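Structure record follows, encoded as C-alpha cells.
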Amino acid sequence: MQNFPGVGVSPGRIIGTIRQMPKPISEPPAGDPLGADTTAEEATASLKAAATAVHDELRSRAATASGDGKAVLEATALMAKDTMLLKGASKLIARGTSAQRAIWESGASVSEMLHNLGGYMAERATDVLDVRARIVAELRGVPAPGIPTAAAPFILVAEDLAPADTATLDPEKVLALVTSGGGPQSHTAIIARSLGLPAVVAAAKVDELADGTEVYVDGAAGTISVEPDAEQRAAAEAWASNASLLAVFDGTGTTADGHLVPLLANVGGGKDAVAAAKLNAQGVGLFRTEFCFLERDTEPTVDEQAAAYKSVFDAFPGKKVVLRTLDAGADKPLPFLTDATEPNPALGVRGYRTDFTTPGVLERQLQAIARAEQESEADVWVMAPMISTAEEAAHFAGMCTAAGIKTPGVMVEVPSAALTAEAILREVGFASLGTNDLTQYAMAADRQLGPLANLNTPWQPAVLRLVGLTVEGSAAEGNAKPVGVCGEAAADPALAVVLTGLGVTTLSMTARSLAAVAAVLKTVTLAEAQELAKLALSAPNATDARAWVRAKLPILEELGL
Ligand code: PEP
Ligand code: MG
C-alpha cells in the first residue's frame with residue numbers, strides 16, 4: 001500500500017476516487033511581443049475585455065455561493081478590475097509587450113507588493129495570481145483553471161487551492177481535500193474546516209496520482225493511502241455512521257459528571273454569528289472585530305461600528321458575546337491603524353498597543369460597543385488583545401468603565417500576562433487565553449511558518465504551563481474570575497479535555513468544531529480531565545503530551561477525530 005503522509009487539518013475518514021485540479025496556466029514567454037498586426041490600443045482593449053469577463057464570471061459565481069465562499073469570490077472579482085493591475089499591464093503593452101505577457105508581469109509585481117506588506121495583505125497575493133491566470137486563460141480562449149466537474153463525488157487533489165477555487169467548492173460533490181503544498185494556515189485548511197470536509201495538506205507528491213485512483217483519507221491523522229485495506233474501509237464506514245453525531249451539538253458543553261463548560265463560537269461578523277447560533281453555540285467567546293474592517297483604509301465611524309457589532313449581538317439575545325477590540329497589526333494589518341513598515345510586526349504596535357500611537361480609535365470603538373449593547377439583548381463582555389502588564393489591564397478597564405461597559409477583560413496571549421495573571425485579573429472581570437499567539441510568543445515561532453509547525457503547537461509543555469499559571473492567578477484569594485480559551489487549541493477535542501482539566505471555564509472555537517468537542521468532553525469526568533491535564537503537563541515534549549492523552553481517550557479513535 002502506498003502512503004502519503006501530510007498534515008491533517010480537518011478530521012474525517014473517507015474513501016473515494018481522486019480528481020486532480022487542472023495544471024496551472026503556463027507562463028507566456030518573457031519578452032513576448034505584440035503581434036505584428038495588433039496595435040497597443042487593440043491589445044489593451046482585449047485585455048480589458050478579458051478582465052471584465054473574468055470579473056463577471058467570478059461575480060456570477062459569487063451570486064450563487066454563500067458564507068466565506070461568497071466573500072472570497074467577491075473580493076477576487078474586484079481584483080480582476082484592480083486599477084494598479086490593469087494600468088501596470090497597459091503600460092507594458094504601450095512599450096510593445098503582448099497582452100498575455102503584460103498582465104502576467106503586472107500581476108507578479110502587484111502580488112509581490114502585497115506579499116511584502118505581510119500578514120493579511122500577503123494572503124491576498126495569491127488572489128492576484130489567481131486572477132492573472134484566469135485573464136490569461138480568457139485571452140487564450142482556454143478553460144479557466146478551477147475545480148473539475150464530475151457526475152459523482154470525488155476527492156479533490158491539488159498542489160494548493162486558490163481562494164477562488166476553494167470558495168466554489170460544492171461540498172456535495174467534493175468528499176475531501178488533499179494538497180501536496182500549503183500549510184495548516186492556508187486557505188485550503190480554513191475553508192475545509194468551515195465546510196466540515198476532511199482535509200490533509202502538505203502531502204508531498206500526492207499531486208502525481210492518476211485521476212480515478214481510489215484512496216483512503218484520514219483528516220485527523222493526516223494520511224492518504226492508495227488501495228485502502230479492510231481496516232481502512234471499516235474506519236471509513238464507522239466515520240460515515242458517526243457523521244450525524246458530529247454534526248449536531250445539543251447546546252450544552254459538559255463533562256460526564258455534569259461539570260459545565262460552555263462551548264462558544266469564534267466569529268468575525270454577523271453572518272458567522274447567525275451560522276454559529278444555528279449550530280447551537282452557547283454564545284460567542286471571540287468576536288474578532290477587526291475582521292469587519294480589514295478592507296478599510298479609514299477608521300469606520302461609530303455608527304458603522306455599532307451596526308456591525310449589533311449584527312452579532314442580535315444573533316445571541318440573552319447570551320454571552322465576548323467582543324475583542326481591534327487586534328490590528330502583524331497578521332491582521334488595518335491600514336488606518338498599523339504601520340506596514342515595522343521591522344517586526346508580531347512584536348510591534350499591535351492590538352491594545354495601537355492606543356499608544358493612535359489614541360482615540362479604541363475610545364471610539366468602546367463607545368460604539370456600548371451603543372450597540374444598549375440596543376441589543378446580548379450579555380456583552382469586552383476584552384483587549386495583546387495585554388502584557390497589570391497597568392495595561394487597569395488602563396483598559398478604566399476606559400471600559402468610562403464608556404459604560406460593564407464587563408472588561410483581557411486576552412492572555414503574551415507570556416508576561418500569563419505569568420502575572422493574578423495581578424492582571426485583579427484589574428478586570430475575566431481573561432481569555434489566545435493560545436495561537438500565546439504559543440507563538442512562548443515558543444518564539446512565527447505562527448504562519450509551515451517549517452515551525454512542530455514548535456508552534458499548544459501541546460507544548462511550556463504553553464500548557466502558561467495556561468495553568470493563568471488559571472492559578474484566578475484561583476487566588478478573592479480573585480475568582482472566569483478564564484476561557486478562544487485559540488485554536490479549544491477546537492482540538494483532546495486538548496479541550498486537557499484545558500478543562502487545567503481549570504479553564506469556557507472553550508470558544510469555530511462553530512463546526514462544537515459537536516466534536518462536546519462529544520469527547522462528555523465522555524470524561526472532571527477528575528479524569530484533571531488527571532489527563534497532569535499527564536500532559538508531565539510529558540517531556542508536545543508529541544508525547546498529545547500521544548499520551550489521545551491514548552487515554554479511545555472515543556477519539558472511535559469517532560475518527
Ligand atoms: C489567539 O491568538 O489565540 C487568538 C484567539 O487570536 P487571533 O488568532 O485572532 O490572533
Ligand atoms: Mg491573537
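The values are calculated or read from the model by the stated rules, or taken from the named source; none is laboratory data. Since the model is a prediction, treat every value here as computed from it, not as a measurement. Because the Cβ atoms are built from the backbone with ideal geometry, glycine has one as well, and the counts that use them run over all protein chains shown.
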Criterion first (of a type in the set (A, V, I, L, M, F, W, C), over 30 Å from T500 (Cβ atoms) and either under 17 Å from the mean Cα position of the chain (by Cα) or assigned by the TED database to the domain that holds A372 (or both)) does V302 satisfy it? yes
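Per-residue answers, yes or no, for (1) outside any loop (DSSP other than H, G, I, E, B); (2) surrounded by 22 or more Cβ atoms within 10 Å (Cβ to Cβ); (3) within 16 Å of ligand 1 (Cβ to nearest atom); (4) at negative phi:
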{"site": "L469", "(1), (2), (3), (4)": "yes, no, no, yes"}
{"site": "G484", "(1), (2), (3), (4)": "yes, yes, yes, yes"}
{"site": "A490", "(1), (2), (3), (4)": "yes, yes, yes, yes"}
{"site": "L495", "(1), (2), (3), (4)": "yes, yes, yes, yes"}
{"site": "V504", "(1), (2), (3), (4)": "no, yes, yes, yes"}
{"site": "A516", "(1), (2), (3), (4)": "yes, yes, no, yes"}
{"site": "A536", "(1), (2), (3), (4)": "yes, yes, no, yes"}
In this structure, does A418 turn out to be farther than 23 Å from V261 by Cα and among the aliphatic types (A, V, I, L, M)? no
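Taking the options R465, R447, name whichever one is among the basic types (K, R), within 13 Å of ligand 1 (Cβ to nearest atom) and assigned by the TED database to the domain that holds L362. Reasoning before the result, please.
Values: R465 fails: within 13 Å of ligand 1 (Cβ to nearest atom).
Of the residues listed, the single one that is among the basic types (K, R), within 13 Å of ligand 1 (Cβ to nearest atom) and assigned by the TED database to the domain that holds L362 is R447.
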Does T52 fit the bill of being hydroxyl-bearing (S, T, Y) and in a helix (DSSP H, G or I)? yes
Which numbered condition I15 misses (of (1) buried (at least 19 other Cβ atoms within 10 Å of the Cβ); (2) more than 30 Å from G219 (Cβ to Cβ); (3) at pLDDT 95 or above): (2)
Filter pass, R447 being assigned to a loop (DSSP other than H, G, I, E, B) and over 16 Å from D355 (Cα atoms): yes
Please state which of the following conditions S474 fails to meet, knowing it meets all the rest: (1) buried (at least 22 other Cβ atoms within 10 Å of the Cβ); (2) touching a strand residue (DSSP E or B) at 6+ places or on another chain (Cβ under 8 Å). (1)
Please count how many residues of the stretch 450-467 are in contact (Cβ under 8 Å) with a residue 24 or more places away in the chain, outside any helix (DSSP H, G or I) and within 15 Å of ligand 2 (Cβ to nearest atom). 1
Quick one: T439 ticks every box in (1) within 16 Å of ligand 2 (Cβ to nearest atom); (2) modelled with pLDDT of 95 or more; (3) buried (at least 24 other Cβ atoms within 10 Å of the Cβ); (4) within 19 Å of G468 (Cβ to Cβ) bar one, so which box is it? (2)
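Looking at the stretch 407-431 only, could you name the residues that are outside any helix (DSSP H, G or I) and either in contact with a helix residue (DSSP H, G or I) (Cβ under 7 Å, 6 or more places away or on another chain) or over 19 Å from R447 (Cα atoms) (or both)? Spell out how you get there, then give the answer.
Quick first cut of the stretch 407-431, residues outside any helix (DSSP H, G or I) only: 407-414, 420, 428-431.
Answer for the stretch 407-431, where residues must be outside any helix (DSSP H, G or I) and either in contact with a helix residue (DSSP H, G or I) (Cβ under 7 Å, 6 or more places away or on another chain) or over 19 Å from R447 (Cα atoms) (or both): T407, P408, G409, V410, V412, E413, V414, T420, V428, G429, F430, A431.
Residues are listed down the side, and each one gets a yes or a no for (1) aromatic (F, W, Y); (2) within 16 Å of ligand 2 (Cβ to nearest atom); (3) in contact (Cβ under 8 Å) with a residue 40 or more places away in the chain:
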{"site": "D327", "(1), (2), (3)": "no, yes, yes"}
{"site": "D331", "(1), (2), (3)": "no, yes, yes"}
{"site": "F336", "(1), (2), (3)": "yes, no, yes"}
{"site": "D339", "(1), (2), (3)": "no, no, no"}
{"site": "P345", "(1), (2), (3)": "no, yes, yes"}
{"site": "G348", "(1), (2), (3)": "no, yes, no"}
{"site": "Y352", "(1), (2), (3)": "yes, yes, yes"}
{"site": "G360", "(1), (2), (3)": "no, no, no"}
{"site": "R364", "(1), (2), (3)": "no, no, yes"}
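Do we find that K320 is charged (D, E, K, R), more than 16 Å from ligand 2 (Cβ to nearest atom) and closer than 23 Å to G409 by Cα in this structure?
Numbers: charged (D, E, K, R): yes; more than 16 Å from ligand 2 (Cβ to nearest atom): yes; closer than 23 Å to G409 by Cα: yes.
In short, yes.
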Selected residue [assigned to a helix (DSSP H, G or I), out of contact with any His (no Cβ under 8 Å at 6 or more places or on another chain) and either among the aliphatic types (A, V, I, L, M) or on the phi < 0 side of the Ramachandran plot (or both)] from F291, F316: F291
Go through the stretch 180-207 and count every residue that is part of a helix (DSSP H, G or I) and either touching a Cys at 6+ places or on another chain (Cβ under 7 Å) or at pLDDT below 90 (or both). 10
Among the residues of the stretch 62-101, which ones are among the charged types (D, E, K, R), in contact with a helix residue (DSSP H, G or I) (Cβ under 6 Å, 6 or more places away or on another chain) and part of a helix (DSSP H, G or I)? D68, K70, E74
Taking interchain pairs and intrachain pairs at least six residues apart, which have beta carbon atoms under 9 angstrom, with the first residue in the stretch 417-431 and within 16 Å of V463 (Cα to Cα) and at pLDDT 95 or above and the second among the aliphatic types (A, V, I, L, M) and surrounded by fewer than 17 Cβ atoms within 10 Å (Cβ to Cβ)? A421/A476
Counting only residues that are in contact (Cβ under 8 Å) with a residue 24 or more places away in the chain and in a helix (DSSP H, G or I), which one in the stretch 375-393 is farthest from ligand 1 (Cβ to nearest atom)? A390
Among the residues of the stretch 202-257, which ones are touching a residue at least 60 places away in the same chain (Cβ under 8 Å) and among the acidic types (D, E)? D207, D211, E214, D218, E227, D229, D250, D257
